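Visitor: If you scroll down you'll find the structure; I have some questions about it.
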Amino acid sequence: MPKNIILFGATGSIGTSVLKILDKTNDKYCLKGITCNQNIESLIDISNRYKCDNLGVSNEDLSNDKNEILEKKNTVYGIKNFESFINEDIDIYILAISGLSGASLALRIAETGKTLAIANKECIISLGKILFNKCHKFETSIFPLDSEHNAIYQLLNRNYKPIKNITITASGGPFLDLDLNKFEYITPEQAIKHPKWKMGNKISVDSSNMMNKSLELIEAKNLFHLQPNEVDAIIHPQSIIHGIINYNDNSSYAFLSQPNMEIPISSLFFPNKDYRSNNHDLDLTKLKILEFLEIDNQRFPAFSLGKYIMQKDGIAPHLFNYINDKLVKLFLEGFIKYTKIVNFNERVIELYFKSHQNINEPNIEDLNESSIWVDANIKTIINK
Ligand code: NDP
Ligand code: MG
């Protein structure tokens with residue numbers, strides 16, 4: 001019997017990579033549902049290619065456009081209605097939606113007792129214990145797709161425990177050597193051009209200023225139930241080593257591969273590593289040099305802020321994540337300068353904690369309330 005899959009975010013960068021791997025699984029997996037936000041053309045194309053007639057379109061306004069093809073299929077509009085795809089016959093839910101809009105969906109999937117394969121780091125960071133406790137209660141397995149976390153997951157599954165700590169790597173992004181005086185003038189076009197990975201716009205901006213690595217530290221701490229001092233990141237410009245687990249005897253195991261999402265995603269469908277990739281050969285003699293650098297907090301203030309937020313814990317990671325989402329959008333739309341993405345984030349969080357206590361284990365209402373506070377107050381910082 002093939003395993004049944006729902007792919008939330010099928011039209012995105014991760015979604016596309018998932019489909020490429022699915023092509024090579026010889027019908028051992030069957031695509032039962034796909035979703036997008038608004039890219040209907042691409043959704044229909046995927047639906048035809050994979051003979052999958054359960055379609056979800058998040059943008060509800062699009063339900064007013066009469067689309068004959070969508071009308072003939074089982075199409076739902078609005079992300080809330082994506083939950084109608086959840087049923088007993090589904091084995092794997094892949095969450096490749098970007099941003100926080102998939103949070104309620106993630107919590108619903110956590111109740112299924114099946115597998116939640118998750119690329120969406122924003123949900124892991126903001127929901128934190130709410131998501132993990134729910135998965136634990138309903139025996140739902142979490143399978144990390146983010147490359148560094150997938151590397152650590154693969155290493156942990158195959159190696160000794162306990163470990164001392166873990167290290168994840170960052171490529172350093174497009175501005176690793178840029179003159180510090182030029183940071184202010186960085187444009188959206190420059191920020192979305194990543195030297196190593198092809199990704200969606202939001203995560204590309206996050207990667208360029210090391211916000212992505214800050215979020216990933218928190219993601220790793222949550223996924224692997226670690227303490228803040230047990231997770232760290234370093235810059236590794238060649239992006240060949242993705243994750244390292246370190247032991248108390250001062251030996252380490254590292255996970256190496258070319259930087260391509262095909263490799264972490266294939267491990268979901270080929271857990272025994274019998275996936276045959278025609279590309280991404282790892283010829284170390286061609287690489288010659290692997291470099292490693294500390295992350296410079298002056299160049300990348302997002303990293304020290306991220307560590308502070310990880311220590312603070314409670315509602316702080318959600319605030320950090322939520323505010324960043326808003327500020328990156330404003331940057332991409334040309335409303336704020338590049339350097340303000342981190343600067344405003346820090347100041348909004350500071351303002352929040354002037355009038356609020358931290359909440360140790362926030363529930364979903366706490367998260368929503370803090371988001372509403374941010375929506376109402378972010379302008380006071382931006383317009384100052
Ligand atoms: P993309 O922007 O390429 O794709 C996002 C997908 O989510 C698209 O299918 C998009 O639909 C859909 N979507 C966007 N907004 C909404 C919404 N409000 N409601 C429902 N669906 C929505 O992103 P990526 O594929 O790059 O990233 C997806 C997630 O994976 C992110 O959380 C990212 O951090 C994480 N990730 C990505 C990596 C990568 O290599 N790309 C690596 C590691 C993690 P539409 O096409 O219609 O806009
Ligand atoms: Mg990553």
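Visitor: Of these, Ile69, Ile79, which one is at pLDDT below 95, surrounded by 14 or more Cβ atoms within 10 Å (Cβ to Cβ), at negative phi and more than 16 Å from ligand 2 (Cβ to nearest atom)?
Guide: It is Ile69.
Visitor: Something else about it: For Cys123, state whether it is more than 17 Å from the chain's Cα centre (by Cα), open to solvent by less than 10 Å² (accessible area, probe 1.4 Å) and of a type outside the set (Val, Ile, Thr).
Guide: The answer is no for Cys123.
Visitor: On the given criteria, is Ser47 in a helix (DSSP H, G or I) and within 16 Å of ligand 2 (Cβ to nearest atom)?
Guide: It is false that Ser47 is in a helix (DSSP H, G or I) and within 16 Å of ligand 2 (Cβ to nearest atom).
The rows are residues; the columns are (1) more than 29 Å from Asn201 (Cα to Cα); (2) touching a residue at least 12 places away in the same chain (Cβ under 8 Å).
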| residue | (1), (2) |
| --- | --- |
| Asn64 | no, no |
| Lys72 | yes, no |
| Tyr77 | no, yes |
| Asp91 | yes, yes |
| Ile94 | no, yes |
| Ser98 | no, yes |
| Ala110 | no, yes |
| Ala119 | no, yes |
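Visitor: Could you check how many residues of segment 50-77 are part of a strand (DSSP E or B) and not polar (S, T, N, Q)?
Guide: 5
Visitor: If the Cβ limit is 9 Å and pairs must be 6+ apart or interchain, which residue in segment 135-146 that is in a helix (DSSP H, G or I) pairs with which residue that is within 16 Å of ligand 1 (Cβ to nearest atom)?
Guide: Note: pairs meeting the criteria are Cys135/Ile109; Cys135/Leu116; Cys135/Ile142.
Visitor: Further, regarding this structure: So, Lys196, is that one in contact (Cβ under 8 Å) with a residue 40 or more places away in the chain, open to solvent by 10 Å² or more (accessible area, probe 1.4 Å) and of a type in the set (D, E, K, R) or not? Break it down into steps so the answer makes sense when it comes.
Guide: On the way: in contact (Cβ under 8 Å) with a residue 40 or more places away in the chain: yes; open to solvent by 10 Å² or more (accessible area, probe 1.4 Å): yes; of a type in the set (D, E, K, R): yes.
So Lys196 fits the description; yes.
Visitor: Among (1) within 16 Å of ligand 1 (Cβ to nearest atom); (2) surrounded by 14 or more Cβ atoms within 10 Å (Cβ to Cβ); (3) within 24 Å of the chain's Cα centre (by Cα), where does Tyr29 come up short?
Guide: Tyr29 satisfies all of (1) within 16 Å of ligand 1 (Cβ to nearest atom); (2) surrounded by 14 or more Cβ atoms within 10 Å (Cβ to Cβ); (3) within 24 Å of the chain's Cα centre (by Cα) except (1).
Visitor: A follow-up question, please. Can you pull out the residues in segment 330-384 that are assigned to a helix (DSSP H, G or I), open to solvent by 80 Å² or more (accessible area, probe 1.4 Å) and closer than 23 Å to Cys123 by Cα?
Guide: Within segment 330-384, Glu346, Glu350, Glu365, Asn368, Glu369, Ile372 meet the criteria.
Visitor: Since Ile152 meets every condition but one in (1) free of Cβ contacts under 8 Å to residues at least 60 places away in the same chain; (2) more than 30 Å from Leu330 (Cβ to Cβ); (3) within 14 Å of ligand 1 (Cβ to nearest atom), which condition does it not meet?
Guide: Of the numbered conditions (1) free of Cβ contacts under 8 Å to residues at least 60 places away in the same chain; (2) more than 30 Å from Leu330 (Cβ to Cβ); (3) within 14 Å of ligand 1 (Cβ to nearest atom), the odd one out for Ile152 is (1).
The values are calculated or read from the model by the stated rules, or taken from the named source; none is laboratory data. Being a predicted model, the structure only gives us computed values, none of them experimental. With ideal geometry, Cβ positions are generated from the backbone for all residues, glycine too; neighbour counts draw on all protein chains shown. Just so you know, the surface numbers come from the protein's heavy atoms only, side chains and all, with ligands and any DNA or RNA stripped out. Shrake-Rupley method; radii C 1.70, N 1.55, O 1.52, S 1.80 Å.
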